[in-house]
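Take a look at the structure below.
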Amino acid sequence: MACTSAATLDDLKQLEITCYVPSHLPQGFQLKKVEITYEEPSGEGGQTNRPLPHYSLEYSNGWSGTFSVESAREGIGDRNIMEEEDTEETEIQSPFGPMYLIYRPKGKDGRKKEIKANWVSDAKMNEELAKGADSHPVLGRYHGFSATGITLKEFAKIIESLHPVGSETAGKSAVSAASATAAPEQPSALKIHPKVFNMIDCWVSDSESPVVTEINLDAVEKNGNQFNHDDVSQDGEWLRFSLPDTSGFMRYRVLESKGNHYKVEYQDNGGGTLTTASVIEFDVVKRDVRRGGKPLSVRVLRVTSYTQK
């Protein structure tokens with residue numbers, strides 16, 4: 001490969017190859033990364049002397065949910081391979097024809113830790129391969145699609161919406177469609193693990209809240225065992241943490257925000273019929289502490305108001 005560079009969707013429109021983007025994304029997903037990689041041509045089989053481009057895309061909801069696209073020209077292997085035993089395969093329809101998937105954990109329902117689609121070829125690739133076994137594709141590409149933290153149904157909807165970048169789908173360009181998808185999630189741009197607000201509430205059997213009035217958000221982001229992001233997902237306007245092995249949850253939605261001041265509604269359900277709720281206002285600010293005898297600046301959540309509903 002000659003070089004790899006950060007890019008934009010507009011840059012993809014300038015490439016000779018066909019680059020595919022989705023016009024549908026799950027709520028909260030936004031484009032995080034676009035890359036263009038150039039492969040040095042070998043000159044064999046009548047190849048062009050110009051560098052041969054490849055592209056990749058990554059979308060994310062800021063937590064465990066991702067959707068990614070990668071491309072390849074030659075030397076591809078089987079993408080439908082997972083080392084884990086708890087895997088299952090299926091087939092869905094796509095703009096490229098039948099698409100074969102492997103995913104884990106097993107079962108058609110629920111969010112999947114990982115979904116991988118096998119390589120699919122675009123029209124230009126099919127045309128170039130039809131010239132003979134010795135042909136080397138120049139403009140044709142294979143495309144691979146992967147996801148984490150979403151359901152099979154959501155994955156199928158994304159795949160169904162794929163189209164060449166720059167083309168119009170349902171009256172919207174790829175850029176405007178992606179923006180329209182992300183727009184409803186702007187009120188929940190605040191990305192704090194819902195478990196943080198559980199620390200502010202007292203137990204149901206107790207009565208005095210708030211219990212914790214200041215929390216180190218830098219530590220929350222780094223402590224992935226205590227604050228596991230795998231079970232955090234966007235659920236409409238709510239950011240939800242699903243309690244393992246129960247139907248319980250912790251979730252919050254942003255009611256108001258101005259600068260570094262926020263007002264949220266927090267709900268907690270331990271898996272039964274009781275759901276408690278509170279309205280919490282707080283500031284996100286920097287403060288200095290000492291750790292190991294050395295000064296340290298940390299980002300903290302500081303509670304300014306608490307009301308039990």
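Checking residue 233 against (1) within 26 Å of residue 25 (Cα to Cα); (2) modelled with pLDDT of 90 or more; (3) surrounded by 15 or more Cβ atoms within 10 Å (Cβ to Cβ); (4) not aliphatic (A, V, I, L, M), only one condition comes out false. Which one?
(2)
Given the condition charged (D, E, K, R) and at pLDDT 90 or above, answer yes or no: does some residue in the range 172-192 qualify?
no
Among 223, 269, which is closer than 12 Å to residue 195 by Cβ and not aliphatic (A, V, I, L, M)?
Checking each option against the conditions leaves just 223.
Counting only residues that are touching a strand residue (DSSP E or B) at 6+ places or on another chain (Cβ under 9 Å) and among the charged types (D, E, K, R), which one in the range 124-160 is farthest from residue 235 (Cα to Cα)?
Taking the candidates together, the pick is 141.
State the number of residues belonging to the range 256-297 that are polar (S, T, N, Q) and in a loop (DSSP other than H, G, I, E, B). Step through it out loud before you land on a result.
Within the range 256-297, the subset polar (S, T, N, Q) is 257, 260, 267, 269, 273, 275-276, 278, 297.
Then drop every residue that is not in a loop (DSSP other than H, G, I, E, B), which leaves 260, 273.
Within the range 256-297, residues that are polar (S, T, N, Q) and in a loop (DSSP other than H, G, I, E, B) number 2.
Which of the following residues is closer than 30 Å to residue 148 by Cα and of a type outside the set (Lys, Arg): 259, 271?
After ruling out the rest, the residue left standing is 271.
Please verify whether residue 61 is surrounded by 11 or more Cβ atoms within 10 Å (Cβ to Cβ), within 22 Å of residue 159 (Cα to Cα), modelled with pLDDT under 75 and of a type outside the set (A, V, I, L, M, F, W, C), treating the condition exactly as stated.
It is false that residue 61 is surrounded by 11 or more Cβ atoms within 10 Å (Cβ to Cβ), within 22 Å of residue 159 (Cα to Cα), modelled with pLDDT under 75 and of a type outside the set (A, V, I, L, M, F, W, C).
Looking only at residues that are over 19 Å from the mean Cα position of the chain (by Cα) and farther than 20 Å from residue 305 by Cβ in the range 236-257, which one is surrounded by the most Cβ atoms within 10 Å (Cβ to Cβ)?
249
Read through the list (1) out of contact with any Asp or Glu (no Cβ under 9 Å at 6 or more places or on another chain); (2) within 18 Å of residue 148 (Cα to Cα); (3) not in a strand (DSSP E or B), then give the number of the only condition that residue 90 fails.
Looking at each condition in turn, residue 90 falls short on (3).
Scan the range 78-86 and give yes if some residue there is exposed (fewer than 15 other Cβ atoms within 10 Å of the Cβ) and not in a loop (DSSP other than H, G, I, E, B), otherwise no.
Among the residues of the range 78-86, not one is exposed (fewer than 15 other Cβ atoms within 10 Å of the Cβ) and not in a loop (DSSP other than H, G, I, E, B), which makes the answer no.
Is at least one residue of the range 300-308 over 14 Å from residue 200 (Cα atoms) and either modelled with pLDDT of 95 or more or outside any strand (DSSP E or B) (or both)?
no
For the range 221-234, how many residues meet the condition of being without any contact (Cβ under 8 Å) to a residue 60 or more places away in the chain and out of contact with any His (no Cβ under 6 Å at 6 or more places or on another chain)?
Of the residues in the range 221-234, 7 are without any contact (Cβ under 8 Å) to a residue 60 or more places away in the chain and out of contact with any His (no Cβ under 6 Å at 6 or more places or on another chain).
With the condition kept exactly as written, say whether any residue in the range 119-135 is in a strand (DSSP E or B), touching a residue at least 24 places away in the same chain (Cβ under 8 Å) and in contact with a helix residue (DSSP H, G or I) (Cβ under 9 Å, 6 or more places away or on another chain).
yes
For the range 104-117, which positions are surrounded by fewer than 19 Cβ atoms within 10 Å (Cβ to Cβ) and either of a type in the set (Gly, Ala, Ser) or assigned to a loop (DSSP other than H, G, I, E, B) (or both)?
If the condition is that a residue be surrounded by fewer than 19 Cβ atoms within 10 Å (Cβ to Cβ) and either of a type in the set (Gly, Ala, Ser) or assigned to a loop (DSSP other than H, G, I, E, B) (or both), then 105, 106, 107, 108, 109, 110, 113 are the ones that fit.
What are the residues in the range 199-211 that are in contact (Cβ under 8 Å) with a residue 24 or more places away in the chain and part of a loop (DSSP other than H, G, I, E, B), if any?
Initially, the range 199-211 is screened for residues in contact (Cβ under 8 Å) with a residue 24 or more places away in the chain, giving 200-201, 204, 209-210.
Hits for the range 199-211 are 201, 204, 209, 210.
Scan the range 88-103 residue by residue and report those that are surrounded by fewer than 17 Cβ atoms within 10 Å (Cβ to Cβ) and among the β-branched types (Val, Ile, Thr).
If the condition is that a residue be surrounded by fewer than 17 Cβ atoms within 10 Å (Cβ to Cβ) and among the β-branched types (Val, Ile, Thr), then 90, 92 are the ones that fit.
Conditions first: (1) within 26 Å of the chain's Cα centre (by Cα); (2) surrounded by 15 or more Cβ atoms within 10 Å (Cβ to Cβ); (3) within 24 Å of residue 216 (Cβ to Cβ). Residue 260 passes all but one, so which condition is the exception?
Residue 260 satisfies every listed condition except (2).
If you take the residues of the range 189-217 that are among the β-branched types (Val, Ile, Thr) and under 20 Å from residue 62 (Cα atoms), which of them is nearest to the chain's Cα centre (by Cα)?
192
Taking the range 190-213, which residues are acidic (Asp, Glu) and either more than 18 Å from residue 307 (Cβ to Cβ) or surrounded by fewer than 13 Cβ atoms within 10 Å (Cβ to Cβ) (or both)?
Across the range 190-213, the qualifying residues are 206, 208.
The values are calculated or read from the model by the stated rules, or taken from the named source; none is laboratory data. All of these numbers come straight from a predicted model, not from anything done at the bench. When we count neighbours, we look across all protein chains shown, and the Cβ atoms used for this are built from the backbone with ideal geometry, even at glycine.
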